[in-house]
């Protein structure tokens, strides 16, 4: 089958959806819709009277629990070479927090902090870990960072056994080393005995000291950025003092049946959308399905990748990744071509150079945009019609296959070139 075509049978079963039941497909028929609407109206009115702290930047973007953003911000503030104006102060208190943790052996670091290398997404040959602090032959710290997700497939065990950490040969390092699993206090322990479990709750007060003792010495913009980051951590992990039950909790207990029914319906409908996207994509393939891997996580996203698109040029992964956003005003499916992990910039540059002017014009005419983000390189939003979900899925796969027809030959060529260069 042509990549730009799709068999309507792939989503025929989804057509059985009644437009009026989308989002409420699991509702008990004994609960009148007018009652549900009345409950929601009451909740909305009472929530309007609740005083809330100002939203942080990541809250506004809807990314308050996104691990990559927490990592990027922490790396930015830790690295003395970045133009934040904190110098080595944030790095110093961060290392102090690690040194004063009861289970670490890292000595307190006060000198030569300006020479410390701060790196992120560091390759090991067994997958990249999040943050690396390295002071030549004196010491190094490996940090695997978590926010909401749990450890994936014994990551810490693999990193602890790695013989190389980026450019560092572990067997030739005679200094102190520390392996840190930085996660919320409520998270499960790391799987490796080499890693020390350090909580965000332990780290935050040390970082806050930088702000409370600054006496105006730092740029106001940087001061506000660090404060905003720490507010995100505090609010996300509910670190504020516990003095009373929130109004939101009281409302939930009062209307829990209605809210739970809505949430269950929403999750079920979203899972159906992901499942039908998977079926439609696979049925539209003109080659063997066994050449593709599918990672379907119906709570967040689904992605499709050829088997050999993994570990390109080291650790780079290439994939198509649709995200479903069932917002009330603008429901959409956000299609992405992801070129991610360490080394991705090289592959992105090769990909960009191989595409000709006609290819770029075709992408532009089809409303694909170059986002060049941490994960996504190309992206496009496809409106999702909640009254006609099957038609929306059909259109989404058509748009994705239109992209495939343009970019896939170049991706396959780049992958093949790197495979040949390793043999």
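Does any residue of the range 52-66 turn out to be over 19 Å from residue 207 (Cβ atoms) and more than 24 Å from the chain's Cα centre (by Cα)? Yes, some residue in the range 52-66 is over 19 Å from residue 207 (Cβ atoms) and more than 24 Å from the chain's Cα centre (by Cα). Does residue 43 qualify as being touching a helix residue (DSSP H, G or I) at 6+ places or on another chain (Cβ under 9 Å), closer than 29 Å to residue 391 by Cα and modelled with pLDDT of 75 or more? Taking the combined requirement at face value, the residue does not satisfy it.
Could you go through the range 337-345 and let me know if any residue there is out of contact with any helix residue (DSSP H, G or I) (no Cβ under 9 Å at 6 or more places or on another chain), surrounded by fewer than 17 Cβ atoms within 10 Å (Cβ to Cβ), under 26 Å from residue 127 (Cβ atoms) and modelled with pLDDT under 95. For the range 337-345, residues out of contact with any helix residue (DSSP H, G or I) (no Cβ under 9 Å at 6 or more places or on another chain), surrounded by fewer than 17 Cβ atoms within 10 Å (Cβ to Cβ), under 26 Å from residue 127 (Cβ atoms) and modelled with pLDDT under 95: present. In summary, residue 118 fulfils each of the numbered conditions (1) at negative phi; (2) surrounded by 11 or more Cβ atoms within 10 Å (Cβ to Cβ); (3) assigned to a loop (DSSP other than H, G, I, E, B) with the single exception of condition (3).
Per-residue answers, yes or no, for (1) in contact with a strand residue (DSSP E or B) (Cβ under 7 Å, 6 or more places away or on another chain); (2) part of a helix (DSSP H, G or I):
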| residue | (1), (2) |
| --- | --- |
| 141 | yes, no |
| 144 | yes, no |
| 148 | no, no |
| 153 | no, no |
| 156 | yes, yes |
| 159 | yes, yes |
| 171 | no, yes |
| 177 | yes, no |
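If you go through the range 67-88 and pick out every residue that is more than 23 Å from the chain's Cα centre (by Cα), surrounded by fewer than 18 Cβ atoms within 10 Å (Cβ to Cβ) and either over 23 Å from residue 342 (Cα atoms) or touching a residue at least 40 places away in the same chain (Cβ under 8 Å) (or both), you end up with 2.
The residue that is nearest to residue 164 (Cα to Cα), among those in the range 121-139 that are in contact with a helix residue (DSSP H, G or I) (Cβ under 8 Å, 6 or more places away or on another chain), in contact (Cβ under 8 Å) with a residue 40 or more places away in the chain and part of a loop (DSSP other than H, G, I, E, B), is 124. Checking every residue in the range 183-200 against the condition of being in the same structural domain as residue 78 (by TED's automatic domain parsing), at pLDDT 90 or above, in a helix (DSSP H, G or I) and crowded, with 16+ Cβ neighbours inside 10 Å gives at least one match.
I'd like the full set of residues that are within 17 Å of residue 74 (Cβ to Cβ) and under 20 Å from the mean Cα position of the chain (by Cα), limited to the range 186-202. The answer is 187, 199, 200. Restricting attention to the range 27-40 and to residues that are part of a helix (DSSP H, G or I) and farther than 20 Å from residue 269 by Cβ, the residue that is modelled with the highest pLDDT turns out to be 38. Restricted to the range 302-331, and to residues there that are under 21 Å from residue 148 (Cβ atoms) and out of contact with any helix residue (DSSP H, G or I) (no Cβ under 8 Å at 6 or more places or on another chain), the residue that is surrounded by the fewest Cβ atoms within 10 Å (Cβ to Cβ) is 327. Answer yes or no: is there a residue in the range 261-273 that is surrounded by 16 or more Cβ atoms within 10 Å (Cβ to Cβ), over 29 Å from residue 188 (Cα atoms) and touching a strand residue (DSSP E or B) at 6+ places or on another chain (Cβ under 8 Å). Within the range 261-273, one or more residues are surrounded by 16 or more Cβ atoms within 10 Å (Cβ to Cβ), over 29 Å from residue 188 (Cα atoms) and touching a strand residue (DSSP E or B) at 6+ places or on another chain (Cβ under 8 Å). All of (1) closer than 30 Å to residue 38 by Cα; (2) surrounded by 15 or more Cβ atoms within 10 Å (Cβ to Cβ); (3) touching a helix residue (DSSP H, G or I) at 6+ places or on another chain (Cβ under 9 Å); (4) without any contact (Cβ under 8 Å) to a residue 40 or more places away in the chain hold for residue 292 with one exception: (1). Taken over the range 372-418, the criterion of being within 22 Å of the chain's Cα centre (by Cα) and under 17 Å from residue 359 (Cα atoms) is satisfied by 377, 378, 379, 380, 400.
Select, from 106, 95, 165, 91, the only residue that is touching a residue at least 60 places away in the same chain (Cβ under 8 Å), on the phi < 0 side of the Ramachandran plot and crowded, with 17+ Cβ neighbours inside 10 Å. None of the other options fit; the residue is 106. Could you please find all residues in the range 295-353 being in contact (Cβ under 8 Å) with a residue 24 or more places away in the chain and at positive phi? Answer for the range 295-353, where residues must be in contact (Cβ under 8 Å) with a residue 24 or more places away in the chain and at positive phi: 313, 314, 341, 343. Scanning the range 372-407 for residues that are exposed (fewer than 15 other Cβ atoms within 10 Å of the Cβ) and over 18 Å from residue 327 (Cα atoms) returns 372, 373, 405.
Filtering the range 71-109 to residues that are out of contact with any helix residue (DSSP H, G or I) (no Cβ under 7 Å at 6 or more places or on another chain) and in a loop (DSSP other than H, G, I, E, B) leaves 79, 81, 83, 87, 100, 102, 103, 105.
The values are calculated or read from the model by the stated rules, or taken from the named source; none is laboratory data. Please read all numbers here as calculations on a predicted model, not as lab measurements. Positions of Cβ are generated from backbone atoms using ideal geometry, with glycine treated the same way; all protein chains shown enter the neighbour counts.
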